[in-house]
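Below: the structure, in structure tokens.
The values are calculated or read from the model by the stated rules, or taken from the named source; none is laboratory data. Remember, predicted model here, so these are calculated numbers, not experimental data. We place every Cβ from the backbone using ideal geometry, glycine too, and count neighbours over all the protein chains shown. Surface accessibility is based on the protein's heavy atoms, side chains included, excluding ligands, DNA and RNA. Shrake-Rupley method; radii C 1.70, N 1.55, O 1.52, S 1.80 Å.
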Amino acid sequence: MSNKVWAPSGWRDKATQQMPKYPDQKKLKEVEVRLSTYPPLVFAGEARQLKARLALAAEGKAFMLQGGDCAESFSDFRANTIRDNFRILLQMAVILTFSSKKPVIKVGRVAGQFAKPRSSDTETRDGVTLPCYRGDIINDIAFEATARTPNPERMERAYVQAASTLNLLRAFSQGGYADLHQVHAWNLNFVQQRSKEHYDNIAQRLDETLAFMEAMGINPKTSPQIRETEFYTSHEALLLPYEEALTRRDSTSARAEDRYEGDWYDCSGHFLWIGDRTRQVDGGHVEFLRGVKNPIGLKCGPSLKSDDLLKIIDLLNPENEPGRLTLIARMGAYKIQGSLPPLIRLVTKAGKKVVWTCDPMHGNTMTASNGFKTRKFSDILTEVRHFFEIHKGEGTHAGGIQFELTGKDVQECIGGDQQITAEQLSEGDYDTLCDPRLNVSQALELAFQLCK
């Protein structure tokens, strides 16, 4: 455990991975200073509320559904895109709530998921080598020298897009778009197109439940919970200059012992996570996130060593606060059964209070024979089912799932009821900036399958 007094800039004294090399340091500093004067994107009270919800998930009394684009795009910034991604999460949440009989905490990978870790610093095409694409907040996907040069001014564009996105999401979540009856009607339309007995059964039972509630006088006019929903944002806290610039003191948590300055919160998003490539115990990303009071996540891949996991847990959650830390297993369908149980036993034996969630996407990425990066629907479903089975066997709580998905009808992951093949990847709508995503049909199919 570190006893060093924490500061938002402390990460600069540590080694950092996956950080861009900005050629113009003066411009970088100017952008950081401007960002530090901008209003917060989210508020400390919202982050605390999410932490309280996640504390319930740690006890098995709630379930976390996290999903959205692998990487947000400047070019695809449209109201319809935001709406459709929000809508698919609402639809999945209704199905999972009905199945689990638990409240579902809805968290979008949105309004900040602009930066992506990469396996190489450079990319070579036809003998030309340029910096790799690291997300729109850093550089452009176009394979051209100027476009690929990291530009700090892109952070300001990301901030503006995030602010606009949050404004629309708040309107959707509180303005009636999230009405339970409307969400159920969308799911009914999906079911009617599939003619699956299992789907029909769930849809019919939901119909009966809503009719009973209506008969009891529980409707959108009498119960705001029917027409409104809580919705939170998340992203990987990868680009630390951006995260530091948006870190603020919370005046409502001011205490005499800290000279009434209040706790630090990273106001770029409600929930922030450390990736599998940046979870070094002595690294800058762990150092930064240990000091902010947001609920945070840690990606746990098969290479994670048990000693390192306990050290990181102690750094990130020294007070063992429920809801503070979420461990996100991303093992792969064929490694999770061997890799996850020892970690669960280790954490349980140490008495650590964490939320266990499953990311079944990143451990199942593959390259199809035609060169397209993809994932098999069957592998994604298999890893999630193993995740639930393992926790049941260990007597612990499966606290949530995380998906890369989109509200668009893309063809990026193979399989599912649509029976998308590898050959179709080159024929259909494959437009991801980085990783393959579940489309609308696959995401809903997955939610219904998890009800079995």
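Would you pull out the residues with amide H under 5 Å of Gly301's amide H, same chain only if 5 or more places away, H placed 1.01 Å from N?
Arg330
Please list, in order along region 405-419, the HN-Hα scalar couplings obtained from phi with the Karplus expression 6.51 cos²θ - 1.76 cosθ + 1.60 (θ = phi - 60°), rounded to whole Hz, x for Gly and Pro.
8, 9, x, 9, 8, 7, 10, 10, 9, 9, x, x, 4, 6, 6
Using only the Cα atoms of region 197-273, build the gyration tensor, take square roots of its eigenvalues as a ≥ b ≥ c, and label the shape rounded, prolate or oblate: rounded if a/c is under 1.5, else prolate if a/b is larger than b/c, else oblate.
Values: a/c = 4.97, a/b = 2.15, b/c = 2.31.
It is oblate, given that a/c is not under 1.5 and a/b is not larger than b/c.
Ignoring everything but the protein chains, give the 1.4 Å probe accessible area of Lys21 in square angstrom, nearest 10.
Answer for Lys21: close to 150 Å² accessible.
Using bins 5 angstrom wide from zero, how does P(r) for region 244-333 break down, in % of all Cα pairs?
3, 13, 23, 23, 18, 10, 6, 3, 1, 0, 0
What is the packing order of peptides 278-284, 302-308, 443-449, taking the mean over residues of other C-beta atoms within 10 Å and listing the highest first? Before the final figure, lay out the partial values.
Values: 278-284: 18.1, 302-308: 13.3, 443-449: 22.1.
Output ranking for 278-284, 302-308, 443-449: 443-449, 278-284, 302-308.
Report the residues of region 404-426 in range of a label on Asp200: point 7 Å along Cα→C-beta, backbone N strictly under 19 Å from it.
417-418
For a protection proxy built on the mean count of beta-carbon atoms within 10 angstrom, sort 289-296, 154-161 highest first, please.
Packing order, densest peptide first, comes out as 289-296, 154-161.
May I ask you to work out the translational diffusion coefficient for region 56-203 at 20 °C, viscosity 1.002 mPa s, via Stokes-Einstein with Rh from the Kirkwood sum over Cα pairs, reported in whole µm²/s?
Details: Rh = 17.9 Å.
D = 119 µm²/s.
Using the Cα gyration tensor of region 36-126, with a ≥ b ≥ c the square roots of its eigenvalues, what is the shape: rounded (a/c below 1.5), prolate (a/b larger than b/c) or oblate (neither)?
Taking the square roots of the gyration eigenvalues as a ≥ b ≥ c, region 36-126 is prolate.
Tell me, what ³J(HN,Hα) does each residue in region 234-251 have, in order and in whole Hz, if you take phi through Karplus 6.51 cos²θ - 1.76 cosθ + 1.60 with θ = phi - 60° and put x for Gly and Pro?
Once θ is set to phi - 60°, the couplings for region 234-251 become 8, 6, 6, 7, 9, 8, 5, x, 5, 5, 4, 5, 9, 8, 9, 7, 9, 5 Hz.
What is the magnitude of the charge dipole of region 291-347 about its Cα centre, with +1 placed on the Cβ of each Lys and Arg, -1 on the Cβ of each Asp and Glu, and no other charges, expressed in debye to the nearest 20? Please report the intermediate quantities before stating the final value.
Working: 8 positive and 5 negative charges, 48 e Å.
The dipole magnitude comes to about 240 debye.
I'd like the accessible area for Glu423, computed on protein heavy atoms only with a 1.4 Å probe and all protein chains in place. Round to 10 Å², please.
Taking all protein chains as shown, Glu423 has close to 110 Å².
Pull out the extension gain between Ser369 and Ala215, defined as 0.36 nm times the separation in residues minus the alpha carbon to alpha carbon distance; nm, one decimal.
Values: separation 154, 0.36 × 154 = 55.44 nm, distance 5.55 nm.
Stretched fully, the Ser369-Ala215 segment lengthens by 49.9 nm.
What number does region 184-226 give for Rg over Rh if you use C-alpha atoms and the Kirkwood radius? Don't jump to the answer; show the numbers that get you there.
On the way: Rg = 12.1 Å, Rh = 11.3 Å.
On the Cα set of region 184-226, Rg over Rh gives 1.08.
Which of the following values of Cα extents along the principal axes in Å was calculated from the structure shown: [x] 62, 61, 44; [y] 61, 47, 42; [z] 74, 52, 38?
Matching entry in [x] 62, 61, 44; [y] 61, 47, 42; [z] 74, 52, 38: [x].
Using only helices, what value at 222 nm comes out for the chain when you add -39,500 (n - 2.57) per DSSP H run of length 4 or more and divide by the total residues, to the nearest 500 deg cm²/dmol?
Details: 14 runs with 176 residues, N = 452.
Result for the chain: -12000 deg cm²/dmol, rounded to the nearest 500.
Percent relative contact order of region 245-304, based on C-alpha pairs within less than 8 angstrom and at least six residues apart?
On the way: 81 pairs, mean separation 18.6, N = 60.
Result for region 245-304 is 31 percent.
Where both partners of a DSSP beta bridge lie in region 303-435, what percent of those bridges are antiparallel, to the nearest 5?
On the way: 4 of 11 bridges.
In region 303-435, approximately 35 percent of DSSP beta bridges are antiparallel ones.
Report Ser251's accessible area, 1.4 Å probe, all protein chains in place, as a number in Å² to the nearest 10.
90 Å²
By a straight-distance test (C-alpha under 18 Å), which lysines pair with Lys101 as possible cross-link partners, with residues fewer than eight away in the same chain excluded?
Lys101 reaches Lys61, Lys392, Lys452.
Please list, in chain and number order, the residues 5+ apart from Thr247 or on another chain whose amide H is under 5 Å from its amide H, with Hs placed from the backbone.
Cys267
So what is the relative contact order of region 276-338, in percent, for Cα pairs below 8 Å that sit 6 or more residues apart? Don't skip to the answer; put the middle values down first.
Working: 62 pairs, mean separation 24.1, N = 63.
Across region 276-338, relative contact order equals 38 percent.
Tell me, what HN-Hα J-couplings in whole Hz come from the Karplus equation 6.51 cos²θ - 1.76 cosθ + 1.60 at θ = phi - 60° for each residue of region 41-47, using x for Gly and Pro?
7, 10, 10, 4, x, 5, 5
Can you list residues whose amide H is under 5 Å from Ile420's amide H, if they're 5+ apart or on another chain and H is modeled 1.01 Å from N?
Here the answer is Gly415, since their amide H atoms fall under 5 Å of that of Ile420.
For region 12-113, state which GluC sites (Glu not before Pro) are in a DSSP loop and have at most 16 other beta carbons lying within 10 Å of their beta carbon.
Details: sites: Glu30, Glu32, Glu46, Glu59, Glu72; in loops: Glu59, Glu72.
Hits after loop and neighbour filter: Glu59.
Please name whichever of Asn439, Phe403, Ala350 sits farthest to the positive end of the charge dipole of region 307-452, dipole taken about the Cα centre and charges placed at Cβ: Lys and Arg +1, Asp and Glu -1.
The listed residue farthest towards the positive side: Ala350.
Have a look at Val191, Tyr133, Gly10 and report the one farthest towards the positive end of the charge dipole of the chain, computed about the Cα centre with Cβ charges (Lys/Arg +1, Asp/Glu -1).
Towards the positive end, the residue furthest out is Gly10.
Only four residue types carry charge here, +1 at the Cβ of Lys and Arg and -1 at the Cβ of Asp and Glu. Report the dipole size of the chain about the Cα centre in Debye, rounded to the nearest 20. Write down the numbers at each step before the final one.
On the way: 58 positive and 58 negative charges, 209 e Å.
Using only the charged Cβ atoms, the result is roughly 1000 debye.
On a C-alpha basis, how far is the centre of region 95-130 from the centre of region 386-452 in Å? Whole number, if you could?
So the two Cα centres are separated by 13 Å.
Pairs of alpha-carbon atoms within less than 8 angstrom and 6+ residues apart define the contacts here; what relative contact order does the chain have, in percent?
Details: 832 pairs, mean separation 96.4, N = 452.
Reported relative contact order: 21 percent.
If the only charges are +1 at each Lys and Arg Cβ and -1 at each Asp and Glu Cβ, what is the size of the charge dipole of region 1-96 around the Cα centre, to the nearest 20 debye? Let's see the in-between values first.
On the way: 15 positive and 10 negative charges, 59 e Å.
That gives a dipole near 280 debye.
Can you tell me the order of 88-96, 166-174, 366-374, 232-240 when each peptide is scored by its average per-residue count of other Cβ atoms within 10 angstrom, highest first? If you can, show how the numbers build up before the last one.
Numbers: 88-96: 23.2, 166-174: 16.2, 366-374: 13.8, 232-240: 26.1.
Per-residue Cβ counts within 10 Å, averaged per peptide and sorted highest first, yield 232-240, 88-96, 166-174, 366-374.
Heavy atoms only, probe 1.4 Å: what % of the accessible area of region 10-71 goes to carbon and sulfur, would you let me know?
On the way: 1580 of 2970 Å².
For region 10-71, the apolar C and S fraction of the accessible surface comes to 53 percent.
Taking the DSSP beta bridges in the chain as the whole, what percent of them are antiparallel, to the nearest 5? Mind showing how you got there, number by number?
Details: 12 of 46 bridges.
In the chain, DSSP labels about 25 percent of beta bridges as antiparallel.
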